[in-house]
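To start, the structure under review is shown below, and the notes come after it.
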């Protein structure tokens with residue numbers, strides 16, 4: 001599993017570095033690179049490639065699409081760490097972008113990574129027809145804005161120190177984390193021009209996977225150390241974050257995550273051995289410690 005993640009990370013970073021190097025230089029490139037090439041595991045890209053392999057999508061095309069996803073993810077982390085958001089000074093074992101370069105630069109670097117994702121999806125070397133590219137851009141835009149990451153982050157902040165229902169917590173976590181995973185799951189089906197019904201099934205699958213990832217992240221915050229996690233831990237409780245752990249308790253949240261994997265297993269059973277890599281990734285997500 002780790003070897004597969006390393007290969008995807010290497011190939012994705014290789015594409016991104018070449019893509020950035022071909023652009024005109026600006027003073028924002030350095031903080032953009034700092035947030036983008038910070039040692040992330042590329043789990044979203046791994047999910048994209050796992051689903052893509054089920055539908056026999058070209059690996060090179062998936063790496064390019066995954067590069068766009070990683071730009072969106074990096075932008076969201078840079079902004080999440082800001083003092084006006086979660087005020088995190090540490091990210092992946094090193095100072096957050098705003099600590100290293102200042103708040104205004106971090107905001108602008110995040111904005112630039114967000115827009116670069118759309119540049120990548122419209123890139124001439126992404127060998128897909130324009131209609132498919134437009135559909136991918138449309139979907140990733142919805143997953144990133146008020147209906148997705150930004151909307152989820154707003155609710156995450158708004159729910160602090162409030163009693164929030166399980167349904168609302170799940171809706172918030174799906175927006176904040178699940179929507180981008182949904183994009184990774186439906187992108188291969190968009191390329192294959194599958195019908196809306198099948199795309200919706202994989203959109204829901206992605207929401208479940210994103211929810212599993214977020215629950216695993218909350219468990220890490222609850223039980224791990226800052227040294228192991230590479231970021232400050234124990235902050236959810238201190239900030240009064242609305243999480244499934246705060247509502248259900250630690251043990252019941254673990255059971256919830258295990259049931260999520262069973263639910264996903266049922267949804268992917270029809271694809272047999274083709275879904276083996278995907279299921280392997282899900283177990284990795286749940287059992288990781290950072």
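Overview of results
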{"item": "Wholly enclosed helices (runs of 4 or more DSSP H) of segment 194-256 bearing at least 3 residues modelled with pLDDT of 90 or more, surrounded by 15 or more Cβ atoms within 10 Å (Cβ to Cβ) and on the phi < 0 side of the Ramachandran plot", "result": "196-223, 244-248"}
{"item": "From 39, 35, residue being under 15 Å from the mean Cα position of the chain (by Cα), touching a residue at least 24 places away in the same chain (Cβ under 8 Å), within 20 Å of residue 177 (Cα to Cα) and assigned to a loop (DSSP other than H, G, I, E, B)", "result": "39"}
{"item": "Test: residue in segment 15-24 that is within 18 Å of residue 1 (Cα to Cα), out of contact with any strand residue (DSSP E or B) (no Cβ under 9 Å at 6 or more places or on another chain) and in a helix (DSSP H, G or I)", "result": "no"}
{"item": "Those residues of segment 249-277 which are closer than 22 Å to residue 218 by Cβ and in contact (Cβ under 8 Å) with a residue 40 or more places away in the chain, in sequence order", "result": "256, 257, 260, 261, 263, 264"}
{"item": "Breaking point among (1) without any contact (Cβ under 8 Å) to a residue 24 or more places away in the chain; (2) out of contact with any helix residue (DSSP H, G or I) (no Cβ under 7 Å at 6 or more places or on another chain), for residue 198", "result": "(2)"}
{"item": "Selection count where residues are assigned to a helix (DSSP H, G or I) and within 28 Å of residue 158 (Cα to Cα), scope segment 260-290", "result": "3"}
{"item": "Selection count, segment 1-19, where residues are touching a residue at least 60 places away in the same chain (Cβ under 8 Å) and over 23 Å from residue 185 (Cβ atoms)", "result": "1"}
{"item": "For residue 127: the one exception among (1) surrounded by fewer than 18 Cβ atoms within 10 Å (Cβ to Cβ); (2) under 18 Å from the mean Cα position of the chain (by Cα)", "result": "(2)"}
{"item": "Of residues in segment 151-163 being without any contact (Cβ under 8 Å) to a residue 40 or more places away in the chain, part of a helix (DSSP H, G or I) and more than 13 Å from the chain's Cα centre (by Cα), the one farthest from residue 68 (Cα to Cα)", "result": "158"}
{"item": "Sole residue being part of a helix (DSSP H, G or I), within 19 Å of residue 20 (Cβ to Cβ) and out of contact with any strand residue (DSSP E or B) (no Cβ under 8 Å at 6 or more places or on another chain), chosen from 113, 136", "result": "113"}
{"item": "Residue satisfying all of: in segment 79-104; within 17 Å of residue 241 (Cα to Cα) and in contact (Cβ under 8 Å) with a residue 60 or more places away in the chain; surrounded by the fewest Cβ atoms within 10 Å (Cβ to Cβ) among these", "result": "85"}
{"item": "Verdict on residue 46 being on the phi > 0 side of the Ramachandran plot and crowded, with 21+ Cβ neighbours inside 10 Å", "result": "no"}
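The values are calculated or read from the model by the stated rules, or taken from the named source; none is laboratory data. Keep in mind that what you see is a predicted model, and the values were worked out from it rather than measured. Cβ: placed from backbone, ideal geometry, glycine included. Neighbour counts: every protein chain shown.
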